[in-house]
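To start, the structure under review is shown below, and the notes come after it.
Values quoted throughout were computed directly from the atomic coordinates according to the rules given, and no laboratory measurement underlies them. Every value quoted in this text rests on a predicted model; they were computed, and no experiment measured them. All Cβ positions, glycine included, derive from the backbone under ideal geometry; neighbour counts span all protein chains shown.
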Amino acid sequence: MKITTKQWNEIERLAKKEYTKNNDPFHDYEHARSVSRLATFIAKKEGADVIVCKLAGLLHDLAPKKRGKLHAMESGRRAKKFLKRLKFDDEFINTVCSAIIYHDGSRSHLAKTLEGKIIYEADKLECYGPIGIIREYGDVFWRTKDHYQAFENLLQYLQKYNRHFFTKTGKRHKKELRKFSLKFVQLVKKYRKL
Ligand SMILES: [Fe+2]
Ligand SMILES: [Fe+2]
């Protein structure tokens, strides 16, 4: 499937509008664009469908994140509606949406396609390294307005958070970013002892 520049511009314009409605600074249009870029990068290295990964990455968080809700499944449903409006064919729409519906950490093992695994990894790569530190701290601070709670939560999170990845490329980059996260914790602990 080919997507023209004009189509991409329209997709990006409409996606931005949808993400703005969700009012979540950590699952916003910029996060979706990063996931799309990372997914494109992994797809090229792993021989997956680049267009499917680029598009699924951009649409993967269309539904707001709510506790207890199947956010990835709902995002897939919204992506289907979104792409139908733009008149893509059903087979392509289904391929894109099935790459979105299992990007939740706890359900990633259900992602059967390589593109689905890549969307999960591209999304989770945003949880490691410098970006992961800013996102995790910011997310908790945004909700609680409590710096100390957000910071202590961050230290716990950086030590424990280590998801299973599937692709060689994803694993390599996760390792590099996680090393940075653990170094950050180590330095905090060192300076707390002075
Ligand atoms: Fe998500
Ligand atoms: Fe996400």
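I'd like the orientation of helix 129-144 relative to the chain: the angle between its Cα long axis and the longest Cα principal axis, in ° from 0 to 90, rounded to 10.
That works out to roughly 80 degrees.
Using just the C-alpha positions of the chain as equal point scatterers, what log10 of I(q)/I(0) does the Debye formula give at each q in 0.16 1/Å?
Computed log10 I(q)/I(0) values: -1.00.
With +1 on each Lys and Arg Cβ and -1 on each Asp and Glu Cβ, how big is the dipole of the chain about its Cα centre, in debye rounded to the nearest 20?
Working: 43 positive and 23 negative charges, 100 e Å.
Roughly 480 debye, rounded to the nearest 20.
Quickly estimate the mean residue ellipticity at 222 nm for the chain, helices only: each DSSP H run with n ≥ 4 gives -39500 (n - 2.57), and the total goes over all residues, rounded to 500.
That comes out to -23000 deg cm²/dmol.
Quick check on my link table: of Lys66/Lys117; Lys65/Lys117; Lys6/Lys112, which ones sit more than 24 Å apart, alpha carbon to alpha carbon?
Where the Cα-Cα span goes over 24 Å, the pairs concerned are Lys6/Lys112.
If you project the alpha carbons of region 15-105 onto their three principal axes, what span does each projection cover, largest first, in Å?
Computed over region 15-105, the largest-to-smallest principal extents equal 34, 26, 24 Å.
Please compute the net charge surrounding Asp146, taking Lys and Arg as +1 and Asp and Glu as -1 over other residues with Cβ under 13 Å from its Cβ.
Numbers: positive: Arg143, Lys145; negative: Asp139, Glu152.
In short, 0.
Roughly what % of Cα-Cα distances in region 127-194 sit above 18 Å, to the whole percent?
Value for region 127-194 (Cα pairs over 18 Å): 41 percent.
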